[in-house]
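Read the structure below first, then the notes.
The values are calculated or read from the model by the stated rules, or taken from the named source; none is laboratory data. Only a predicted model underlies this, so the values are computations on that prediction, with no experimental measurement involved. Using ideal geometry, Cβ is built from the backbone for each residue, glycine included, and neighbour counts are taken over all protein chains shown. These area figures cover heavy atoms from the full protein model, side chains too; ligands, DNA and RNA do not enter into them. Shrake-Rupley method; radii C 1.70, N 1.55, O 1.52, S 1.80 Å.
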Amino acid sequence: DIQMTQSPSSLSAYVGGRVTITCRASQSVTVYLNWYQQKSGKAPKLLIYSASSLQSGVPSRFSGSGSGTDFTLTISNLQPEDFATYYCQQSFIFPYTFGQGTKLEI
Amino acid sequence: EVQVVESGGVVIQPGGSLRLSCAASGFSFDDFSMHWVRQGPGKGLEWVALITWDGGNRYYADSVKGRFTISRDNSKNAIYLQMNSLRTEDTALYYCAKDSNVLYAMDVWGRGTTVTVSS
């Protein structure tokens, strides 16, 4: 199975700031990499698909990049509603796998 | 409105069986693959299973292979997860999710249904 490793596991930032979350795959997933946001007690929400494509309705301060094994999610101009847990997920090879999550705190 | 709604979660003893349901609405159901994803208490997300639009292909996580079966009824706009030989480690919130048809991202999620496996 492909292992997905996110770093850091948690981080703190300020409103208006910028953060980058990294996701590394144990083997190439080409661009079959998706990012989700999950707020406490809520279902996950798709933010980025195909490594860098912004899901409809998601603010442009969210961006994704990467291919192969190394990917990043960047959030600029952090807003209070962005503080949540973020997961990467590969959809290249079954079984699909998620990273362990990155908790973004104020 | 595009939505999926899960049901069927209960408290059940180890070794028992259970069927979860997911009702879909607001989109052309038989055009899309569908997923089950679970989240244990205080844990991260774990992909469980996928079924393609026609039910012709099904894929599973190693942790549930041979015990869980995903199925769908396109006439009812529903998918199911038959869970057998349940273990305490299957305790989780089970989400149903619609596939986006773009590199298998999951673009619509339900609120989940809770399965607790305990004696």
Stretchable slack from residue A:15 to residue A:58, in nm (0.36 nm times residue separation minus alpha-carbon distance): 13.7 nm
Kirkwood-based Rg over Rh for chain A (C-alpha set), two decimals? 0.94
Spelling it out for residue B:9: with amide H atoms placed in the peptide plane at 1.01 Å from N, the residues 5 or more places away or on another chain with amide H under 5 Å from its amide H are B:114
So if we plug the beta-carbon distance of residue A:1 and residue A:103 into 1/(1 + (r/R0)^6) with R0 = 25 Å, what FRET efficiency do we get, rounded to 0.05? 0.60
Per-residue HN-Hα couplings for segment B:23-29 [Karplus 6.51, -1.76, 1.60; θ = phi - 60°; Hz; x = Gly/Pro]: 9, 10, 7, x, 8, 6, 3
Provide B:43, A:103 ordered by accessible surface of protein heavy atoms (probe 1.4 Å), highest first. B:43, A:103
Sparse-neighbourhood loop hits (trypsin sites (Lys or Arg not before Pro), segment A:1-76; DSSP loop; Cβ within 10 Å at most 12 others) -> A:18, A:42
Taking every pair of Cα atoms in the protein assembly as shown, average 1/r, invert it to obtain the Kirkwood radius, and report Rg/Rh to two decimals. 0.96
Residue B:23 versus residue A:93: modelled label distance in nm, points set 7 Å from Cα along the beta carbon direction: 4.0
Residue-level accessible surface for residue A:86, protein heavy atoms, 1.4 Å, Å²: 0
Rh_Kirkwood(chain B) over Cα pairs, Å, one decimal, evaluates to 14.1
Provide Rg and Dmax in Å for segment A:1-50, with only Cα atoms included in the calculation. 12.9, 38
